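For reference, the structure is listed below as structure tokens.
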Amino acid sequence: MHSAVVPSETVRLPVRRSVVLAFFLLPLALAIVLFTLESGPVFLLCLAAVLPAAAVTMFAARWIAPRTSRSWTSSLLAVAWGAGAAVLLATGIGAWSAEQAMYVDDQGILREAIPTMWVLTPVVEEVGKGLGVLIVLLLARRLGLRGVLFGAMVGALVGVGFAAVEDASAIAADIAANDLGSGIVTGIVRILTFPTHAALTIWTGAALGLALDAPRAWTRPLLALAGLLVAIGAHGAINYGNVAGATDQASFFTALGTAFGWILVSTVVAVTLRLVLTRRV
């Protein structure tokens, strides 16, 4: 009787693992192929250039969750979603929503009904990243991994993956549109602000981690929505900085300062929560 049960269990588990891996890794492979076809091998070089910043941010994000409450599998799946599915969703839905928001006024001028940069883009990107956070959290609960700190870690790691591909693409596009020097400047700025997406999605992850363990069912969607709205609002504020200044230079430093400020705020909150909550255990 035992020999009939064990083989069936050992057959099912690899199938489930292969499905999960395909679900996360195929979009990642597709994203890398599409961006390489668009920008050429320079995209891969730019991706390699941002990997050190990604690695540092990744290890910092993993510190948020206690050592007994994290796994490399969930961490790598989170990064894979951010660099793959989340980027594809942001690119596809972002382009479609931006097109739908355009209209021609009475003077024949093309205008935006809804600002793309600081309204549509933050919503699309944060929802796409947040969906991956939720999926990873639900999968990880099977292993007993849960809680606000674990959620914050997963959220930050999804942001790491997203930032790696987005930043590499931006650097490659700048090199193609201008020259290598301009691309290097863009690369320096992007690397310095690399943790921005992690500092945004960490709020969605923490809120989802808290919501999934909330004792009252009616509070769960409210908690999750609150974290998502914080991420969207902060993302919108950072992007708005790009057009808020009286000059292009003023806008650049406004956006840069807002990004650094939000990274600092998120870091202080994350470290404080980690120290306080782990001390209670």
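Remarks
- Taking the range 80-193 as the region of interest, the helices (runs of 4 or more DSSP H) fully inside it that hold 3 or more residues being of a type outside the set (V, I, T), modelled with pLDDT of 95 or more and touching a helix residue (DSSP H, G or I) at 6+ places or on another chain (Cβ under 7 Å) are 85-100, 121-140, 148-177.
Conditions tested, residue by residue: (1) in contact with a Ser or Thr (Cβ under 6 Å, 6 or more places away or on another chain); (2) in contact (Cβ under 8 Å) with a residue 12 or more places away in the chain; (3) of a type in the set (G, A, S).
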| residue | (1), (2), (3) |
| --- | --- |
| T196 | no, yes, no |
| W203 | no, yes, no |
| A217 | no, no, yes |
| P221 | no, no, no |
| I238 | yes, yes, no |
| S251 | no, no, yes |
| L256 | no, yes, no |
| L275 | no, no, no |
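- Filter result for V56 (at pLDDT below 95, open to solvent by 80 Å² or more (accessible area, probe 1.4 Å), on the phi < 0 side of the Ramachandran plot and of a type in the set (A, V, I, L, M, F, W, C)): no
- The number of residues in the range 73-107 being loosely packed, with under 14 Cβ neighbours inside 10 Å and in contact with a Lys or Arg (Cβ under 9 Å, 6 or more places away or on another chain) comes to 4.
- If you filter the range 59-72 down to residues that are in contact with a Leu (Cβ under 8 Å, 6 or more places away or on another chain) and either surrounded by 21 or more Cβ atoms within 10 Å (Cβ to Cβ) or closer than 18 Å to G82 by Cβ (or both), you find that the one that is modelled with the lowest pLDDT is R70.
- Single residue of the range 211-250 satisfying the filter (modelled with pLDDT of 95 or more and among the hydroxyl-bearing types (S, T, Y)) that is farthest from the chain's Cα centre (by Cα): T219
- Exactly one residue out of L139, L180, L110, L143 is closer than 30 Å to V276 by Cβ, out of contact with any Lys or Arg (no Cβ under 8 Å at 6 or more places or on another chain) and open to solvent by 70 Å² or more (accessible area, probe 1.4 Å): that is L143.
- Any hit, the range 191-209, residues being over 20 Å from P122 (Cβ atoms) and hydrophobic (A, V, I, L, M, F, W, C): yes
- Residues of the range 153-188 that are more than 23 Å from T36 (Cβ to Cβ) and in contact with a Leu (Cβ under 7 Å, 6 or more places away or on another chain): V154 alone.
- Filtered by the rule that a residue be closer than 17 Å to A83 by Cβ and open to solvent by 10 Å² or more (accessible area, probe 1.4 Å), the range 200-212 gives a lone residue, I202.
The values are calculated or read from the model by the stated rules, or taken from the named source; none is laboratory data. The model shown is predicted, which means the values in this text are computed figures rather than measured ones. Neighbour counts run over all protein chains shown; Cβ positions are idealised from the backbone, glycine included. These accessible areas exclude ligands, DNA and RNA; they are computed on the full protein's heavy atoms, side chains included. Shrake-Rupley method; radii C 1.70, N 1.55, O 1.52, S 1.80 Å.
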